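These notes are about the structure you will find just below.
The values are calculated or read from the model by the stated rules, or taken from the named source; none is laboratory data. It should be emphasised that the depicted structure is a prediction, and the values quoted were computed from it without experimental measurement. Cβ placement follows ideal geometry from the backbone for every residue including glycine, while neighbour counts extend to all protein chains displayed.
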Amino acid sequence: MSLDEAIETTKIHSIAGFLDGEKSFVARRPFRSPHHTISDIGLLGGGAFPTPGEVSLAHNGVLFLDELPEFKRSALEVMRQPLEDGKVTISRAAGSLTFPSEFMLVAAMNPCPCGYFGDLKRECRCSPVQVQRYRQRISGPLLDRIDLHIEVPAVEYRDVSSERAEENSTATRERIACGRQKQHERFARDTKTNCNARMTTRHLKAHCKLSADSQDLIRVAMTELNLSARAYDRILKVSRTIADLDDKIDIAPEHVSEAIQYRTFDRTLWI
Ligand SMILES: [Zn+2]
C-alpha cells in the first residue's frame, strides 16, 4: 500500500479495536475472509456504537467470500452500495456515519449444491430446480458488479503432474505491478480515482476509445448475451486493464473479446 492507503486502513482497524502494542500499523493490504454465517452488521458495519464491518476492514485490500450462495441474500444485497461507491453509510437515529470500503471482492461458488454440475467425470445429483434455486441466490445486479467470472474445471492428474513450464508467480507479480504503475500514472492528477476499476463515465470516454472492430464486438456481445449497461462499462474497464497488462496504449479487439469472455455467468446461469 502507499503511505496514504496504509494510514486510511490503519484508522479503520484502530476504530474496530484491532490494533494493540504489538500491531499498531497496517502496512500490508488486508485480506478478510468472513464465514458465510456472518450477520449484515458484521459485513456492512453498524451496532449501537457503529463500528466498521468486513467491507471496511478490507478497505484497500481483498474481501474473499467463499461459498458465495451460502451467504444470506440480504447481506449480499446490501454489499451493492459499498461495491459501487467505495464507501458505506450507516444511519442511526443520532446521525449517520460513513466508512470507506474500497475493496477487491473475490468470491467462490460451486456450480450446483453437490458441486459436480458440468463435470465430465462425475454425475451431478441435483435436480434442475435445485441448481436454479442455488444459482439464483446471487442476484443479477450483484453479478453485474463483478468484473471477472471464471469457471474452474476439475484438474486432471496429468495436469497436476505436468512439468510444462508455466509463468511463475514472481513474473505474474511483476506484470501486475507494471499494469498498476500505468494506472497510477494515468490517474496521477485525479484525487478520486487511482485504478481502472474506479473509472467514471468521463474517464471511460478519455481512456477507453475503441476502434470500429472493437465496437462491433461489444455490440454483438451486448445483443447476443443480453448484457446490461453496467456490464458494458465493466467490459470497457477490463479491456483497458488487459491492454495495460499487454503493454499497449490502444485497446485492441483481442483485449475486448477477452474481457467479454470473463462474463461467463451472464450467459450461462441467468438467462
Ligand atoms: Zn449437482
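Note on region 213-250: residues that are of a type in the set (V, I, T), in a loop (DSSP other than H, G, I, E, B) and under 21 Å from the mean Cα position of the chain (by Cα) total 0.
Every condition in (1) among the aliphatic types (A, V, I, L, M); (2) over 25 Å from T264 (Cβ atoms); (3) touching a strand residue (DSSP E or B) at 6+ places or on another chain (Cβ under 6 Å); (4) surrounded by fewer than 20 Cβ atoms within 10 Å (Cβ to Cβ) holds for I12 except the one numbered (4). When restricted to residues that are in contact (Cβ under 8 Å) with a residue 24 or more places away in the chain and either in a strand (DSSP E or B) or of a type in the set (A, V, I, L, M, F, W, C) (or both), region 49-69 contains 10. Annotation: of all residues in region 129-164 being assigned by TED's automatic domain parsing to the domain that holds G118 and small (G, A, S), the one that is nearest to R73 (Cα to Cα) is S139. Scanning region 198-219 for residues that are within 16 Å of D244 (Cα to Cα) and either basic (K, R) or modelled with pLDDT under 90 (or both) turns up R198, K209.
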